Amino acid sequence: MDAVHAGIDGDRLNVFAWSSSLAPAKTECRHRYQVNTGVWLLVVACVLWPILSLVSSLFAQTSPVPYGYGPLFRLVPSSYVYPKSYGSIHDVDFQNLPVTFWKDQSGKPFLHHLRDGKCKIDLHPGETSAEVAGVHYPNSSESGRDYALVLYEEDDAGGSSSQWGFAQVFELADRRLRVVQQLDWDLHYGGPYGKLDTFNEETDTLKIVSAHYQPGDAHCCVSAVDLVTFRWDGRRLHQASLHTELSDYGKRAGKKLGRL
């Protein structure tokens, strides 16, 4: 099995800026009517809830603890399209689907040819391996579009080691399969490690633990971790909360959390 380090050849990582506007509609009423308080409350709730959710997520983006470098988790949009067509999202064999990870800000892809949910590549020197950790089919809020959330774990060994978690959102529309979003995070914080697949289908939330290097931390000794929760909205994942605490090593070494 070969590793591919190349351009995406037309399928590229795109970052989209979304905007919306609300404009009052002009209406003419030729008869008197009584205002239904319940209806108005429902309308107000529908308008205010997305705004409040957005404001809440914006305040949750930044840790109050300084980074030596980081943060080492990121949620980015994508527009990678698979060439094969599918009749249903459940027809996709994610255990054997080639998967591409975008591992840095340049959008450079790294391809894994999975077989039975696993892939191991000899890089001379070192090796990298990937494994499917979980597959979920969250509810869709849009007719004609179905989704899958697939979680992966990747281990790199060589001169130094690293471990990464990946979660990709797959969208099937008009029989075309696309990766529309990728979440990745650094697992190299020394443990203890729980299961990687922490997506809760009842609450539509995904919780991750990512390494948080404080200033002065060595690569081997990460003193803090970011506990981040993401929420599924029917189309995409959105960051809902972030909490930083000492890692297991940081507690044993008597480290303290810094403040910005």
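Values in this text are rule-based calculations from the coordinates and carry no lab data. As the structure is a computational prediction, the values presented were derived from the model and not from experiment.
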Restricting the calculation to Cα positions, tell me the Rg (one decimal) and the Dmax (whole number) of segment 169-260 in Å.
16.2, 55
So which of K207/K256; K84/K207; K120/K255; K120/K256 end up more than 27 Å apart, counting from Cα to Cα?
K84/K207; K120/K255; K120/K256
Qualifying aspartates and glutamates (Cα of each under 14 Å from Cα of K195; at least 8 residues distant if same chain):
E131, E153, E154
